[in-house]
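Novice: Here it is: the structure, laid out below.
We did not get these values from a lab; they are worked out from the coordinates using the rules stated. Predicted, not measured: the structure shown is a model, and the values here were computed from it. All Cβ positions, glycine included, derive from the backbone under ideal geometry; neighbour counts span all protein chains shown.
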Amino acid sequence: MTTSSTFATDKKGTFVRENAAFRNWIRKDSEYPPEANRYHLYVSYACPWASRCLAVQNMKGLDDFIGLSVVHPVFHKTRPNDPNDTHVGWFFADPETEPYAPGPSGLGKYSSAGSIPDTNHNVKYVRDLYEISNGKNVRFTVPVLWDKKTNTIVSNESSEIIRILNSEFNDLIVDPKKKTLDLYPVELRAKIDELNDWIYHDINNGVYKCGFASSQEAYDEAVTKLFTALDKVESILSQQRYLCGSQLTEADIRLFVTLIRFDEVYVVHFKTNKKMINQYDNLSNYVRDLYQIPEIKKSVNMDHIKAHYYGSHTHINTYGIIPMGPNFDYNEPHDREKFSEK
């Protein structure tokens, strides 16, 4: 196997993201009903798609009956003893027995602190989970929502996992605030879907289109769309606290995971240096507002984030060197409560 951590681009040089391979749903009267201690979530603190699932799991209080494993932040050879298999990807490290691990090319020394090994199969690689699930010719990505009863992946599509976590386990939740928390309320769904669509294409995936572009034309197009979209969000947030008004929704979580990585990683690593989020008045305060929600803060590990991007993408950063800054303090006060007062 020769698949690597690099990603596909089209003839124009534009990054192309592959669709998720597993798209099942947990719901009552289905093959995958909501049950306590039946499911397990595999995530990376570094990956924005996975960390948004972790944020929702925390906000709904589902960690009491859904297990959790966290991969090491930096890619690693997944079949190190096979010289013909050059695949690199997510792996599990035990911080107690393997406090440091090298990067995909064997260079670097990256901390395993914060990693949580697989407790279901005791496998070493996320790739193993896909192979147990007969997932072939697919990228071995996180998040993974695993069913321990049928011994397979339920879903690896983060946008659907967050909705499963938002609504399908409510009958098991004891805390009334967490039980009634709804990040995708019926009355706002059309607005949320509209926001998600252009924010995904131009911001969430837009930063990757900038970073993984293989032509100047593709990069120029992506970076232009990215900052047009950021300016649009800045305008929306100049009038209201959250994207849909006064209520926090999944649209905010989906945007936040990109914004929290922007100044620390994307500005340098993905060449999105036209402007930093810290230079936007409303966006910068908005990021701090969401970060200071305890359940969301718990899903952010900046050490993992910086180690992953700079250490894993050796086609961009050959020696895996991690920049020292800028290390913004997202605990600083924000001004977003001014909209609540209105």
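Novice: Count neighbours as other Cβ atoms within 10 Å of each site's Cβ, and list the trypsin sites (Lys or Arg not before Pro) in region 96-138 that are DSSP loop with at most 12 such neighbours. Mind showing how you got there, number by number?
Specialist: Numbers: sites: 109, 124, 127, 136; in loops: 109, 124, 136.
Answer in residue order: 109, 136.
Novice: Normalised radius of gyration for region 179-283, please: alpha carbon Rg relative to 2.2 N^0.38 Å, two decimal places. Please list the in-between numbers first.
Specialist: On the way: Rg = 14.3 Å, N = 105, 2.2 N^0.38 = 12.9 Å.
Taking N as the residue count of region 179-283, the ratio is 1.11.
Novice: For region 245-342, which chymotrypsin sites (Phe, Trp or Tyr not before Pro) are both in a DSSP coil and crowded by at most 12 other Cβ atoms within 10 Å? Spell out each step's value before the answer.
Specialist: Details: sites: 256, 262, 266, 270, 280, 286, 291, 309, 310, 319, 328, 330, 339; in loops: 270, 280, 319, 328, 330.
In loop regions of region 245-342 (DSSP not H, G, I, E or B), the sparsely surrounded chymotrypsin sites (Phe, Trp or Tyr not before Pro) are 319.
Novice: At residue 268 and residue 8, where each label point lies 7 Å from the Cα along Cα→Cβ, what is the point-to-point distance in nanometres?
Specialist: Going by the 7 Å Cα→Cβ label model, 3.2 nm.
Novice: If you take every DSSP beta bridge fully contained in region 1-157, what fraction is antiparallel? Give it as a percent rounded to 5. Please list the in-between numbers first.
Specialist: Numbers: 15 of 20 bridges.
Looking only at bridges with both residues in region 1-157, the antiparallel portion is about 75 percent.
Novice: Additional query: Can you tell me the order of 52-63, 226-237 when each peptide is scored by its average per-residue count of other Cβ atoms within 10 angstrom, highest first?
Specialist: Details: 52-63: 23.5, 226-237: 17.4.
My ranking of the peptides, most packed first, is 52-63, 226-237.
Novice: Here is a further query. With a bin width of 5 angstrom, please list the P(r) values of region 59-102 as percents of all Cα-Cα pairs, from the 0 bin to the one holding the largest distance.
Specialist: Result returned by the calculation: 5, 18, 19, 17, 15, 12, 7, 4, 2.
Novice: Right, next: Name the residues of region 168-195 whose amide N is less than 17 Å from a point 7 angstrom out from the Cα of residue 246 along the C-beta direction?
Specialist: It comes to 182, 185, 187-188, nothing else.
Novice: For residue 107 and residue 29, compute 0.36 nm times the residue count separating them, minus their Cα-Cα distance, and round to one decimal in nm. Intermediate values should be presented prior to the final figure.
Specialist: Details: separation 78, 0.36 × 78 = 28.08 nm, distance 4.95 nm.
So the extension gain works out to 23.1 nm.
Novice: What list of whole percents do you get for P(r) of the chain, with Cα-Cα distances grouped in 10 Å bins up to the one holding the largest distance?
Specialist: 5, 25, 35, 26, 9, 0, 0
Novice: Over region 53-149, what lengths in whole Å, largest first, do the semi-axes of the equivalent ellipsoid take, defined as the square roots of 5 times the eigenvalues of the alpha-carbon gyration tensor? Intermediate values should be presented prior to the final figure.
Specialist: Working: eigenvalues 112, 64, 25 Å².
Semi-axes (√(5λ), whole Å): 24, 18, 11.
Novice: Once you place label points 7 Å from the Cα toward the Cβ at residue 297 and residue 234, how far apart are they in nm?
Specialist: Computed distance between label sites residue 297 and residue 234 equals 2.7 nm.
Novice: So for the pair residue 167, residue 36, with labels modelled 7 Å out along Cα→Cβ, what separation do we get in nm?
Specialist: 2.4
Novice: Which net charge results when you count Lys and Arg as +1 and Asp and Glu as -1 among the other residues whose beta-carbon is under 12 Å from that of residue 192?
Specialist: On the way: positive: 163, 189, 191, 254; negative: 182, 187, 193, 194, 197, 250, 252.
My count for the surroundings of residue 192 gives -3.
Novice: FRET efficiency for residue 159 and residue 81, Cβ-Cβ distance as r, R0 = 30 Å, nearest 0.05? Write out the running numbers ahead of the final one.
Specialist: On the way: r = 36 Å, r/R0 = 1.20.
For residue 159 and residue 81, the calculated efficiency is 0.25.
Novice: Under the Kirkwood approximation for Rh and a Cα-based Rg, what ratio Rg/Rh is obtained for region 1-80? Don't skip to the end; give the middle numbers.
Specialist: Details: Rg = 16.4 Å, Rh = 15.7 Å.
On the Cα set of region 1-80, Rg over Rh gives 1.05.
Novice: Then there is this: Is there a pair in 178/297; 77/298; 77/148; 12/232 whose C-alpha atoms are over 22 Å apart, and which pairs would that be? Mind showing how you got there, number by number?
Specialist: Values: 178/297 17 Å; 77/298 29 Å; 77/148 26 Å; 12/232 27 Å.
Checking Cα-Cα distances, 77/298; 77/148; 12/232 exceed 22 Å.
Novice: Calculate, in nm to one decimal, what residue 175 and residue 150 gain on full extension: separation in residues at 0.36 nm each, minus their alpha carbon distance.
Specialist: Numbers: separation 25, 0.36 × 25 = 9.00 nm, distance 2.89 nm.
Here the answer is 6.1 nm.
Novice: Same structure, new question: Taking 0.36 nm per residue of separation and subtracting the Cα-Cα distance, what length does fully extending residue 340 through residue 137 add?
Specialist: 68.2 nm
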